[in-house]
Amino acid sequence: MVSDRAQSESADVVDDRARTVAEGLEPLGNDDLVAALPESLTIDVALPAPVHEAPEDETAVALVDTGIDPSIVEVLETGTTTIALSEPAIIAATTPASPADTGSIAVADYSRRERMAGADVGPESAAMLTADRLIDPRRGPRSAPEGAWPRFVYRATFHRVNLGDSARVRARKELDARIDAVLEGGARFVPVLTRKGGVGKTTITTLLGMALASVREDRVIAIDANPDRGTLSERVTKQTRATVRDLVNKAASIQGYTDFSKLVSRDATRLDILASDTDPMLSEAFDENDYNVVADLAARYYSIVLTDCGTGIVHSVMRATLQRADSIVIVSGGSVDEARLASETLTWLEANGYGDLVRNAVVAINTATQGTNLVKLEEIEAHFASRVRAIVRMPYDEQLAAGSVIHWNDLRPLTRQSARELAAIVIDGMPDRAEA
């Protein structure tokens, strides 16, 4: 055993030897180098941290690239920091879900704005190739403007300056667009009714039908459902002697619109009229079941079905008419009793479960009746404004006062304008109805 003293002396010798070499006084040999090294040597090497490979279920989501609210950062006693994120802050990082997974939102439904913002939504659908997107409005020919002054400027400048349509023409086109609105969900039924006769109910039905048919591309028909021999067919040039009774009897043999059209009279505006029974002994036989047969057939070939109702609102035909109604038009005259009876008609409808029809109703005030000049029409309008959706005044017209065939183009401009406003208001109030 080597004593502690010997080891200490040996260490002193090694240290003296190392200082001598360090000062350059004597070179260090191999034996001396080996003797100068310690028995053990430890070297610390900093290695990179191990990379964590996330499992597949973790790579399915990614955090939204947004700032973190300091209020939701919680520091535990152990020094571990946890960050709480609400569920909306997690989004799918894989490919977009299929339409079946996302309900009604599909990849093809992304807008062009999202695509230009960098959203990877796949190839565009054909529906995105719209005329508004592709056609440059600064190129291509523009139609000639309508209106005296715009047309003069357009011609005087050899088609170089196009001021566009006049204000009156723009208003007319806007009204046409309202009348020609697309109606989804099958035929729409609009009864025209009142409790008092002689107020121009048949005339209003005819004007409303002509205003609709003159603008719309689909078919419009007016049915005379008056059980007391109506006169609707006398407002247009007759092309057939057929009536609603003939349609009921031939219902089983009608296979298309050609067969149906043989039983109606068509006006120059393309309005079809189905006449009522002319024999008073048979008119009472036209009941609720007969009307339903006629209405079912009309719904196959027409988009709008107007019904000229009689004054008997408790008649069975009236019940069938109101059950199918999408909107109603109440006709009132300009006298005190005519306005009161029209209001009582609304009261009867509300009392019998047709409150929704009353609130959506349109009142047409026929100012051609006697006594109109003696009453305050503004007060009548104010009364109905508290009960229905809209009111339209129908002016006096010599052609209408004659009670004969109505020619649309021969009416006064104010009369046609009032009828067109009535048509637009009726179409505006049509409730949305899903396709059956």
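The values are calculated or read from the model by the stated rules, or taken from the named source; none is laboratory data. Fair warning: this is a prediction, and the values are worked out from it, not measured in the lab. When we count neighbours, we look across all protein chains shown, and the Cβ atoms used for this are built from the backbone with ideal geometry, even at glycine.
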**Q.** Residue selected from region 223-238 under the condition surrounded by fewer than 24 Cβ atoms within 10 Å (Cβ to Cβ) and over 15 Å from THR307 (Cβ atoms), by the criterion farthest from the chain's Cα centre (by Cα)
**A.** ARG229
Q: Scan LYS173, LYS196 and give me the residue that is of a type in the set (D, E, K, R), at negative phi and assigned by TED's automatic domain parsing to the domain that holds THR345.
A: LYS196
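Let's see how each residue does on (1) closer than 26 Å to GLY230 by Cβ; (2) under 29 Å from the mean Cα position of the chain (by Cα); (3) modelled with pLDDT under 90; (4) not in a strand (DSSP E or B):
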{"residue": "ILE365", "(1), (2), (3), (4)": "yes, no, no, no"}
{"residue": "THR369", "(1), (2), (3), (4)": "yes, no, yes, yes"}
{"residue": "ALA382", "(1), (2), (3), (4)": "no, no, no, yes"}
{"residue": "ARG387", "(1), (2), (3), (4)": "no, yes, no, yes"}
{"residue": "VAL392", "(1), (2), (3), (4)": "yes, yes, no, no"}
{"residue": "GLN399", "(1), (2), (3), (4)": "yes, no, yes, yes"}
{"residue": "SER404", "(1), (2), (3), (4)": "yes, no, yes, yes"}
{"residue": "ASN409", "(1), (2), (3), (4)": "yes, no, no, yes"}
Q: Write out, first by first residue and then by second, each pair whose Cβ atoms fall under 7 Å of each other, whose residues are 6+ apart or on separate chains, and whose first residue, in region 249-267, is in the same structural domain as SER404 (by TED's automatic domain parsing) while the second is surrounded by 15 or more Cβ atoms within 10 Å (Cβ to Cβ) and among the polar types (S, T, N, Q).
A: LYS262/THR240; LEU263/THR240; VAL264/THR240; SER265/SER233; SER265/GLN239; SER265/THR240; ARG266/GLN239
Q: Spot the failing condition for ARG420; the list is (1) over 13 Å from LEU207 (Cβ atoms); (2) crowded, with 18+ Cβ neighbours inside 10 Å; (3) of a type in the set (Lys, Arg), and only one is missed.
A: (1)
Q) With (1) under 26 Å from LEU346 (Cβ atoms); (2) surrounded by fewer than 23 Cβ atoms within 10 Å (Cβ to Cβ); (3) at pLDDT 95 or above; (4) in contact with a helix residue (DSSP H, G or I) (Cβ under 8 Å, 6 or more places away or on another chain) as the list, and ASP326 as the residue in question, which single condition is left unmet? A) (4)
Q | Any hit, region 274-293, residues being touching an Asp or Glu at 6+ places or on another chain (Cβ under 7 Å), among the hydrophobic types (A, V, I, L, M, F, W, C), over 22 Å from ILE406 (Cα atoms) and modelled with pLDDT under 95 | A | yes
Q. Out of GLU174, GLU184, which single residue is charged (D, E, K, R) and under 21 Å from GLN417 (Cβ atoms)?
A. GLU174
Q: Give region 351-399 a look and list any residue that's over 22 Å from GLY197 (Cα atoms) and touching a residue at least 60 places away in the same chain (Cβ under 8 Å), or say none.
A: ASN360
(Q) So, restricting to helices (runs of 4 or more DSSP H) that lie completely within region 132-215, which ones have at least 3 residues that are touching a Pro at 6+ places or on another chain (Cβ under 6 Å)? (A) none
